[in-house]
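First up is the structure itself, then whatever we jot down about it.
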Amino acid sequence: KLCHHFADTFGTEFNNLFLYGDVGVGKTFLSSCIANELIKQRKTVLYQTAPVMLDTIIDYRFGKSNNSNILESILNVDLLIIDDLGTECVNNMKFTELFNIINTRLLNQKNITKTIISTNLSLQNLYNTYDERIVSRIIGDYNICYFFGEDIRFKKICD
């Protein structure tokens, strides 16, 4: 219901989504469904896993990539979907980049940019893994959705 509301009111309300829960319970699938709906509305959408997104930004910062549009796209796309947060190798540089992305997009909400973040980390593990500034912004500025149940992939094999 919350995800339908997110897609239906996109651009008129200041909300983001934080989807967390076990592996295989539908977080990525639901993010993709929202992305498809917004693409139908002619919104720009960028989907990327946290490890690839952060590595791409760091490669650009160190001159290993000449894709100068990547950071601008991440910061300004209508909907940014960061999938699998917590699967990246963490270090201070990645914390800084992640904070800058989350914070800049929150500050740009007057431009109606939205973000969906999905993770298998519990809220406690989120606090244990990331800087307090990152977690505070997620807790304070995202609608938090907990996913639970059996791994759908395993269930399909067993049925």
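The values are calculated or read from the model by the stated rules, or taken from the named source; none is laboratory data. In this text the structure is predicted, and so the values were computed from the model without any measurement. Backbone-built Cβ (ideal geometry, glycine too); neighbour counts: all protein chains shown. Just the protein is used for accessible areas: all its heavy atoms, side chains included, with ligands, DNA and RNA removed. Shrake-Rupley method; radii C 1.70, N 1.55, O 1.52, S 1.80 Å.
How long is the gain from Lys40 to Asp59 if the chain were fully straight, where each residue apart is worth 0.36 nm and the alpha carbon distance is subtracted?
On the way: separation 19, 0.36 × 19 = 6.84 nm, distance 3.21 nm.
Here the segment from Lys40 to Asp59 would lengthen by 3.6 nm.
Would you please give the residues with an amide H less than 5 Å from that of Ser65, counting only those at least 5 places away or on a separate chain, with H modeled from the backbone geometry?
Tyr60
So for the pair Val135, Ser122, with labels modelled 7 Å out along Cα→Cβ, what separation do we get in nm?
Reported label-point gap for Val135 and Ser122 is 1.3 nm.
With the radius of gyration and the Kirkwood radius both derived from the Cα set of the chain, what is their ratio Rg to Rh?
Values: Rg = 15.6 Å, Rh = 16.2 Å.
Rg divided by Rh gives 0.96.
Excluding the sites themselves, what is the longest stretch of the chain that contains no chymotrypsin sites (Phe, Trp or Tyr not before Pro) in a DSSP loop with at most 14 other C-beta atoms within 10 Å? Write out the running numbers ahead of the final one.
Working: sites that count: Phe14, Phe62, Phe148.
The longest such stretch corresponds to 63-147.
If you wrap region 39-118's Cα atoms in a convex hull and average its projection over all directions, what's the area in nm²? Mind showing how you got there, number by number?
On the way: hull surface 21.4 nm².
Value for region 39-118: 5.3 nm².
Enter the accessible area of Asp22 (Å², nearest 10), with the probe set to 1.4 Å and all protein chains included.
Here the residue's solvent-accessible area equals roughly 80 Å².
Do any trypsin sites (Lys or Arg not before Pro) in region 1-82 lie in a loop, going by DSSP, with at most 16 other beta-carbon atoms within 10 Å of their beta carbon, and if so which? List each step's numbers first, then the result.
On the way: sites: Lys1, Lys27, Lys40, Arg42, Lys43, Arg61, Lys64; in loops: Lys1, Arg42, Lys43, Lys64.
For trypsin sites (Lys or Arg not before Pro) across region 1-82 that sit outside H, G, I, E and B with at most 16 neighbouring Cβ atoms in 10 Å, the list reads Lys1, Arg42, Lys64.
At a threshold of 8 angstrom on Cα-Cα distance, excluding pairs fewer than six apart, so keeping six or more, what relative contact order does the chain reach in percent?
Taking the mean separation of contacting Cα pairs over the length of the chain, I get 38 percent.
At a probe radius of 1.4 Å, what is the per-residue accessible area of Leu123, in Å² to the nearest 10?
50
Give a residue-ordered list of calculated ³J(HN,Hα) values for region 146-151 (Karplus: 6.51 cos²θ - 1.76 cosθ + 1.60, θ = phi - 60°; whole Hz; x for Gly, Pro).
Ordered by residue, 3J(HN,Hα) equals 9, 9, 9, x, 7, 4 Hz.
Can you give the calculated 222 nm mean residue ellipticity of the chain, where each DSSP H run of n ≥ 4 adds -39,500 (n - 2.57) and the sum is split over every residue, rounded to the nearest 500 deg cm²/dmol? Working shown, then result.
On the way: 8 runs with 81 residues, N = 159.
Rounded to the nearest 500, it is -15000 deg cm²/dmol.
For a quick check: with amide H placed at 1.01 Å from N, whose amide H comes under 5 Å from Ile116's, ignoring anything fewer than 5 positions away on the same chain?
Leu17, Leu80, Ile81, Ile82
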